[in-house]
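What follows is one structure encoded as structure tokens, with my remarks underneath.
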């Protein structure tokens, strides 16, 4: 025969909490295992419950490739082109905060013009006018359809040589010019460039003919840090005596070599209204 328990409706029980007697039927088992009166019952704190969590979600289940905005035209200041010198084909381009890299192909265009497409006002055709000629440079040559490969910085006639050979990793206190007295330096964190062969070396200070930098990577504890292979160029090995040319204000200027034409006078601005952009414009 299976044993049965009494209901205990007339019984008393001693509480494990305060040691007092309470009606047996009003007693409950607490989460701690203690046998207590219902008036003394304390539920388990949620902070004591172990909550198992997984890793944070890393990605959407159905992602889409981000849209790549097409390259657009950039308006240039009035008369943005400047010839470098007489008999030279180098053309300097003023483009504030251009953000371009050396080796980029840039196509120049004149002002937008609208002409009738089929001879009616309702069917016009948009295009780009040819900039006017200036200082022996043909406007039609400036806007050549295949564009021009640019070099960042403003080309100057200030040159010197390397006092000693450098490798492609030479940087701190290691790049010494034979005579850096004519090279432009700056005190307002505006970078300058030393062109050696096809490499651009970014600097802003020169002390004892040693190139140095004050911003953004260098600090007062490391004043002779310079950036090798700057503005899209490639760091390389250069021999002692290699020509070093000063390129100034690389943030706002770049240059290219125009086909066929050479300047008549030099240092002449032209182009009137023009823009720069990719070779092919896409919607």
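The values are calculated or read from the model by the stated rules, or taken from the named source; none is laboratory data. Values in this document were obtained by computation on a predicted structure and should not be read as measured data. Counting neighbours? That spans all protein chains shown, and the Cβs are built from the backbone with ideal geometry, glycine included.
Within segment 29-63, the set of residues being outside any loop (DSSP other than H, G, I, E, B) and surrounded by 12 or more Cβ atoms within 10 Å (Cβ to Cβ) comprises 35, 36, 37, 40. Restricting attention to segment 15-28 and to residues that are exposed (fewer than 14 other Cβ atoms within 10 Å of the Cβ) and not in a loop (DSSP other than H, G, I, E, B), the residue that is farthest from the chain's Cα centre (by Cα) turns out to be 21. In segment 68-95, the qualifying residues are those that are under 18 Å from the mean Cα position of the chain (by Cα) and at pLDDT below 95, and the one that is farthest from residue 133 (Cα to Cα) is 68.
Of the strands (runs of 3 or more DSSP E) entirely within segment 101-176, those holding at least 2 residues that are modelled with pLDDT of 95 or more and touching a strand residue (DSSP E or B) at 6+ places or on another chain (Cβ under 9 Å) occupy 105-109, 154-161.
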